[in-house]
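Visitor: My questions will all concern the structure given below.
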Amino acid sequence: MQPLETRKDYTYGTLEQNQLLENPLEQLSVWLEQASQAGILEPNGMTVCTVRQGRPSSRVVLLRGMDTGLVFYTNYLSRKGTDTATNAFASASFWWAALERQVRVEGQLEKVSSTESDAYFASRPYESQLASAASPQSQAIERPALEQLVMDLRTNYPERVPRPEHWGGYRLVPDYLEFWQGRKARLHDRIVYKFKGGKWKKERLAP
């Protein structure tokens with residue numbers, strides 16, 4: 001197989017430390033808004049990586065909120081949920097090709113409160129509630145069996161599905177964020193925030 005040659009010079013923008021806000025989560029909010037305004041599909045899509053016994057596993061999830069960390073929702077019995085039960089360290093990354101930008105986040109996962117999970121689950125469309133409650137996520141299943149589980153729930157809960165105990169939110173509480181802006185000739189800008197001594201500190205990394 002021949003190497004895939006898709007070289008492209010990145011010329012969209014530049015990145016300096018003094019351009020970035022002091023709080024990296026606030027800066028991430030700014031970049032998310034700019035990605036949304038640029039018309040990027042699912043700008044809140046992020047790749048979350050967890051680890052089990054030294055073996056990493058990644059998948060794309062949707063960021064659903066930010067406070068002291070990055071919040072997303074899932075089945076606690078899924079691969080990422082069972083990974084987190086034994087190793088709370090995780091990472092996430094965003095990639096916005098049109099803006100030639102990416103963000104990397106590292107930290108620890110914690111469950112959000114049941115109140116937060118209840119509120120978010122109740123806000124979801126009915127069909128999404130059915131799918132989340134019915135699916136034994138990450139377990140082997142035949143399609144007809146999965147559809148039957150949905151039909152059974154639809155019969156039992158014709159208007160609103162209660163949140164299952166095994167479904168809820170995680171918050172990735174970061175201690176490291178990297179903001180990356182593509183530059184010409186691969187001399188990319190990389191500005192990182194590290195949480196040390198109770199505050200965030202910024203520095204530039206070599207590309």
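Visitor: What longest range of the chain stays clear of loop-exposed GluC sites (Glu not before Pro) (DSSP non-H/G/I/E/B, at most 15 other C-beta within 10 angstrom)?
Guide: That gives 23-141 as the longest site-free run.
Visitor: Okay, next question. Looking at region 1-75, which trypsin sites (Lys or Arg not before Pro) are in a loop (DSSP not H, G, I, E or B) and have at most 12 other Cβ atoms within 10 Å?
Guide: R7, K8
Visitor: Return a whole-number percent for the relative contact order of the chain, with Cα pairs under 8 Å and 6 or more residues apart as the contact set.
Guide: This gives 26 percent for the chain.
Visitor: Return the Cα extents of region 107-148 along principal axes one, two and three, sorted largest first, each rounded to a whole Å.
Guide: 35, 26, 13
Visitor: Put a dot 7 Å past each Cα toward the Cβ at M151 and S57; how far apart are the dots in nm?
Guide: My value for the distance between the label points is 3.0 nm.
Visitor: Report the calculated FRET efficiency for E42 and K201 (r = Cβ-Cβ distance, R0 = 22 Å), to the nearest 0.05.
Guide: Values: r = 31 Å, r/R0 = 1.42.
For R0 = 22 Å, the calculated efficiency reads 0.10.
Visitor: Given a Förster distance of 30 Å, report the FRET efficiency between L21 and L77 from their Cβ-Cβ distance, rounded to the nearest 0.05.
Guide: Plugging the Cβ-Cβ distance into 1/(1 + (r/R0)^6) gives 0.20.
Visitor: Any idea what the dipole of region 5-109 comes to, in debye rounded to 20, about its Cα centre with Lys/Arg Cβ at +1 and Asp/Glu Cβ at -1?
Guide: Roughly 620 debye for region 5-109.
Visitor: Can you give the FRET efficiency to the nearest 0.05 for E165 and T115, using r as the Cβ-Cβ distance and R₀ = 22 Å?
Guide: 0.95
Visitor: Cross-link candidates for K199: which lysines have Cα within less than 25 Å, leaving aside residues fewer than 8 places away along the same chain?
Guide: Reachable lysines: K111.
Visitor: What percentages, rounded to whole numbers, describe P(r) for region 17-77 computed over all alpha carbon pairs with 5 Å bin width beginning at zero?
Guide: For region 17-77, the binned pair fractions read 4, 14, 20, 22, 18, 12, 7, 2, 0 percent.
Visitor: Can I ask one more? For the chain, report the % of Cα-Cα distances exceeding 28 Å.
Guide: Counting pairs separated by more than 28 Å, the tail of P(r) holds 38 percent.
Visitor: Another question, then. Leaving out same-chain residues fewer than 8 places away, which lysines sit with a Cα under 17 Å from that of K8?
Guide: Filter leaves K184.
Visitor: Please give me the summed charge of the neighbours of E106: other residues whose Cβ is under 9 Å from its Cβ, Lys and Arg +1, Asp and Glu -1.
Guide: Net charge around E106: -1.
Visitor: Net charge around D83, counting only other residues with Cβ within less than 10 Å of its Cβ (Lys, Arg = +1; Asp, Glu = -1)?
Guide: Neighbourhood net charge equals +4.
Visitor: Between R143 and K184, what is the label-to-label distance in nm when each label sits 7 Å out along the Cα-to-Cβ direction?
Guide: 5.1 nm
Read-outs: derived from the displayed coordinates by stated rules, not from any lab. Keep in mind that what you see is a predicted model, and the values were worked out from it rather than measured. As a convention, Cβ positions derive from the backbone with ideal geometry for all residues, glycine included, and neighbour counts pool all protein chains shown.
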